[in-house]
Each structure stands twice: as structure tokens, then as C-alpha cells.
Amino acid sequence: MTRRPRVLPLEAPLHEAARIMRDEGIGDVLVTLGGRLCGLVTDRDIVIRGVAERRDAAHTTLGEVCSAALVTVGPDDDLGTAARLMRDQAVRRLPVVDAERRPVGIVSIGDLARVDGLGPGVLAGICQAPPNV
């Protein structure tokens, strides 16, 4: 799990999430309302729901483009639960929230690849490679 994920409020402008993703080399930002998880915006969301729709990144809020139907796990859930949910729900990122839905982390497909009990495989190597930007 990546601890202390990047979080922005629902009303933050789209360009702010894009800047964080660029500066930190990440592909997602969790979206909150009153400190509680309410969405997830990915680099793909920015392209598909923002750029391709010709939205103004300075005036479009994260609430307008983020995914709101989220699958989450708790901090005490095990890796098997996270992997099963990711597979069954076909998601690549799984926010980790406490009992009050405050974000405490995020599990990505890359995190799962790095914990492979058989040693680093092809997926792990790809996930650990530095971004090509």
C-alpha cells in the first residue's frame, strides 16, 4: 500500500490534479468531500473526461470528471482481499479508507506485483521502472 496518498477536495480544479500527477510521477489522486473519500481521478480520466471533451482545466472541478463508484478496503484487510477485489471488480487502484471513509492509502496493481511471493516477475519489473516522461 502506498501510504499518505495524494488527496484533493471535490471542488479542486482539474489542472491541480494533473500538476500533482506530473510532479510526483503518479497516475491518480483521491478526491474528498469533508475529508471523506468520494472519488478517484486518474490520468486517464483527465484525458477522456477532460481534454477529449474540451473542458477548461482551470474551471473544471474534480467532481465533474472523477470516478465516484469506488471499491475500497480497510487498513486491516489483507493482500488477498485486495487482490480478489481488484480482479473481481476489474480495477487497477484500490483506495484504503478508515472506518469513517478517510483515505489512509491506496493499493495499486503495481503494489501487488512487487509483493509476489515467487520473486520479481515481468509485471513487477515494469511497475518498478521509472516513468518515461
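The values are calculated or read from the model by the stated rules, or taken from the named source; none is laboratory data. Keep in mind the model is a prediction, meaning the values are calculated, not measured. For neighbour counting, all protein chains shown are included, and Cβ atoms are generated from backbone atoms with ideal geometry for every residue, glycine included.
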- Task: Just give me the residues in segment 63-82 being surrounded by 16 or more Cβ atoms within 10 Å (Cβ to Cβ) and in contact with a helix residue (DSSP H, G or I) (Cβ under 6 Å, 6 or more places away or on another chain), in sequence order.
- Result: Val65, Val73
- Which of the residues belonging to segment 17-39 are touching a residue at least 12 places away in the same chain (Cβ under 8 Å) and either in contact with an Asp or Glu (Cβ under 7 Å, 6 or more places away or on another chain) or assigned to a helix (DSSP H, G or I) (or both)? Ala17, Ala18, Ile20, Met21, Arg22, Glu24, Gly27, Arg36
- Counting only residues that are under 26 Å from Ala83 (Cα atoms) and loosely packed, with under 15 Cβ neighbours inside 10 Å, segment 1-34 contains a total of 4
- Item | Which listed residue, of Asp23, Asp88, Asp56, Asp78, is under 25 Å from Ala113 (Cβ atoms) and modelled with pLDDT of 95 or more | Asp23
